[in-house]
Amino acid sequence: MTLFQNVTLIDEMGNVTPRTDLLVQGGRIAQIGTAIPCPPGVERIDCTGKFLTPGLVVLHTHTPMNIFRGIAEDVNIDDWFNRELWPFESKMTEQDIYWGAKLACAEMAQNGVTAFADHYFGCQHIARAAGELGLRCDLAYTIFGFGGDPEPELQKAEELLAAYAGNEMVHLRIGPHSPYICSPQVLRRLVEAARQHGCGIHLHVSETAEQVKESYQKYGKSPFAVVAEAGGFTVPCIVAHALYIQKEDLPLLAGDTFVAACPKTYLKLGMGEGQLWQHWQSLQLGIGTDGAASSNTIDPLEQVRLFALLGKWADQAEQFTLPQMWQLLFAGHRALPFGAGRLAVGAPADLALWDLDTPATAPVYDPLAAILYSASAANITHTMVAGRFVKKEGRLQTDVTAITKQAADCAAAITRRGRGESKVYF
């Protein structure tokens, strides 16, 4: 049990409540109010001058790719995929996946993230890493459907679905890579499997202008329409990127379709302006980070800041308001099955405690502005997941030195092995 005393609460909508207590019991928020009695044996934290929010969320990432951070710089998106990342990924080991994911989970815990949605293979190693760091994870086993036959990959995904059934910290779903790699027949098969298992899907759609152009040439319709025709929006769905979503795509999306925006990747790889900023308010949008091989960081606060600034720069300074961007920061929680991202009695105790009395953030006229435009991980003193601290008094509750050493060993081995042959092409 933990009692946060005399804290200022900022909920997921941006509502600010000063001088409040919040009691955590049994992994959940048990009570919110003033002068809550402190039961015997409860850890009491004096939060005078500090701010308590829900934990942050990453709606799309590739955690094992932290092992490739910085390996492919100053290249266009075609070369990034075809010359750099996929050839290196073809020679990844299970150790690379595990230590890359563990490094990412440590980074996320440092950044106040309590839950994330991942799209990768080797999901059992990601789940292990997340469990050891104490984070919640929603994992989509990536399926390419090579040769038009997804069954071998689907079998692995279904085995993982069974292995983690009922796990409150790990949720599995089906992860078709994209409509430009998975054929319509493969997409239909994977959507049907997701429907049978009641687990939903997570895939990449309309990342580039070229993908949209090729989809019209090949199928006579947009990538979103290809996914819709396969039934992809009849099950819970996380769409990564959608940078080039079209106006005519919007009616295809269902109420449980969420889009993850990762603006740092779009900037880094020179992916163009797209239409996402034109249509963002018509979408159920959340913040992703993509993998560290493209975005370099797994930091949703940095991503939402970029999203807001990119929206404002073209003479739209009055738009992309503080409340809108604050709500966007936490919106990804709604796509996940954990019920987190709320400051409410009965909600999971997934929380972040902020100290804004620092040179980088003071004075605090508006705490939303201080966090969204000035703060960093250094301002997060505590991160709690399910009532347990994963970061406390500014320090991660794990052996960070061991993680970074093992990641460095993996990186050295990757360099020695070099590039392999990619089975897929962007």
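The values are calculated or read from the model by the stated rules, or taken from the named source; none is laboratory data. Just so it is clear, the model here is predicted, and its values are computed rather than measured. Because the Cβ atoms are built from the backbone with ideal geometry, glycine has one as well, and the counts that use them run over all protein chains shown. Surface accessibility is based on the protein's heavy atoms, side chains included, excluding ligands, DNA and RNA. Shrake-Rupley method; radii C 1.70, N 1.55, O 1.52, S 1.80 Å.
What the table below lists for this structure:
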{"quantity": "Looking only at the range 58-67, and only at residues there that are of a type in the set (V, I, T) and in contact with a Leu (Cβ under 9 Å, 6 or more places away or on another chain), the one that is most open to solvent (accessible area, probe 1.4 Å)", "calculated": "I67"}
{"quantity": "Conditions (1) surrounded by fewer than 20 Cβ atoms within 10 Å (Cβ to Cβ); (2) touching a strand residue (DSSP E or B) at 6+ places or on another chain (Cβ under 8 Å); number of the one not met by G134", "calculated": "(1)"}
{"quantity": "Residue among T361, T398 that alone is open to solvent by 20 Å² or more (accessible area, probe 1.4 Å), outside any strand (DSSP E or B) and of a type outside the set (D, E, K, R)", "calculated": "T398"}
{"quantity": "Residue match in the range 279-299 (condition: touching a Ser or Thr at 6+ places or on another chain (Cβ under 7 Å), farther than 18 Å from H202 by Cβ and surrounded by fewer than 16 Cβ atoms within 10 Å (Cβ to Cβ))", "calculated": "no"}
{"quantity": "Odd one out for A140, checked against (1) assigned to a helix (DSSP H, G or I); (2) closer than 19 Å to A228 by Cβ; (3) open to solvent by less than 20 Å² (accessible area, probe 1.4 Å)", "calculated": "(1)"}
{"quantity": "Residue check, T257 modelled with pLDDT of 95 or more, among the polar types (S, T, N, Q), closer than 18 Å to H177 by Cα and open to solvent by 40 Å² or more (accessible area, probe 1.4 Å)", "calculated": "no"}
{"quantity": "Residue that is hydrophobic (A, V, I, L, M, F, W, C) and part of a helix (DSSP H, G or I), where the choices are A352, A375, A340, A370", "calculated": "A370"}
{"quantity": "Looking only at the range 186-213, and only at residues there that are over 11 Å from I174 (Cβ atoms) and among the basic types (K, R), the one that is surrounded by the fewest Cβ atoms within 10 Å (Cβ to Cβ)", "calculated": "K213"}
{"quantity": "Scope the range 1-32; condition touching a residue at least 12 places away in the same chain (Cβ under 8 Å), open to solvent by 20 Å² or more (accessible area, probe 1.4 Å) and either of a type in the set (K, R) or assigned to a strand (DSSP E or B) (or both); matching residues", "calculated": "Q5, N6, T8, V16, R19, Q25, R28, A30, Q31, I32"}
{"quantity": "Counted residues, the range 112-131 - those being open to solvent by less than 20 Å² (accessible area, probe 1.4 Å), in contact with a Pro (Cβ under 8 Å, 6 or more places away or on another chain) and either aliphatic (A, V, I, L, M) or outside any strand (DSSP E or B) (or both)", "calculated": "3"}
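Condition check ((1) touching an Asp or Glu at 6+ places or on another chain (Cβ under 7 Å); (2) more than 24 Å from A242 (Cβ to Cβ); (3) open to solvent by 10 Å² or more (accessible area, probe 1.4 Å)) across all residues:
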{"site": "L56", "(1), (2), (3)": "no, no, no"}
{"site": "R69", "(1), (2), (3)": "no, yes, yes"}
{"site": "V75", "(1), (2), (3)": "yes, no, yes"}
{"site": "D78", "(1), (2), (3)": "no, no, yes"}
{"site": "F88", "(1), (2), (3)": "no, yes, yes"}
{"site": "A101", "(1), (2), (3)": "no, yes, no"}
{"site": "A104", "(1), (2), (3)": "no, no, no"}
{"site": "M108", "(1), (2), (3)": "no, no, no"}
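Matching residues to (1) under 21 Å from A314 (Cβ atoms); (2) in contact (Cβ under 8 Å) with a residue 12 or more places away in the chain:
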| site | (1), (2) |
| --- | --- |
| G198 | no, no |
| Q211 | no, yes |
| Q246 | yes, yes |
| A260 | no, yes |
| L269 | yes, yes |
| G274 | yes, yes |
| G288 | no, yes |
